[in-house]
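First comes the structure, then the notes that go with it.
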């Protein structure tokens, strides 16, 4: 008899991501009955230096919450999980590093057996946090990632400076959609390099 931990994993392919993106209900149904291997890049969020999420971008809708929560065994913890608590924690770590005089802290990496978190601090007003498959090697993609965000913040400087104004919400929606496409391109590139 197979134990729960011995269940075969279903690898998330680009075709499966497209399918889930089109029909969120299928994703919910499938996620209850299958065990997925996390895609290379699950998603990211951009937070301000106070730890408030400005923008959250996922490979497909619900990906971050699914892959972060799936290994939480305690039902109360799973129900009360709040992804918005992650940026203040990371922001506090960044402030703590300033307090103890860690100079030029560019990134923070946390790795577990189920997920890896990679945080980029090099943008003066924003912190970018990626959620990754623990076996994904982000190093070959770092230049591409920095370039993407450098261009994003430069192109939309005014909108990001006024991010809490209602007029900026349209921009956030557009950036999230384009960001999802960019994440998919990175994921497809990673998947094609494996084959």
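We did not get these values from a lab; they are worked out from the coordinates using the rules stated. Keep in mind the model is a prediction, meaning the values are calculated, not measured. Note that each Cβ is placed from the backbone with ideal geometry, even for glycine, and that neighbours are counted across all protein chains shown.
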| note | Assertion target for 101, 122, ordered by fewest C-beta neighbours within 10 angstrom first, is 101, 122
| note | Note on the range 135-195: alpha-carbon gyration tensor, axes a ≥ b ≥ c; rule is a/c under 1.5 for rounded, else prolate if a/b larger than b/c, else oblate; result prolate
| Roughly how large, in nm² to one decimal, is the mean projection of the convex hull of the alpha-carbon atoms in the range 101-178? | 6.7 nm²
| message | Kirkwood hydrodynamic radius, the range 119-160, all distinct C-alpha pairs: what's the number in Å? | response | 11.5 Å
| query | Given R₀ = 25 Å, FRET efficiency for residue 189-residue 125 by Cβ-Cβ distance, to 0.05? | reply | 0.30
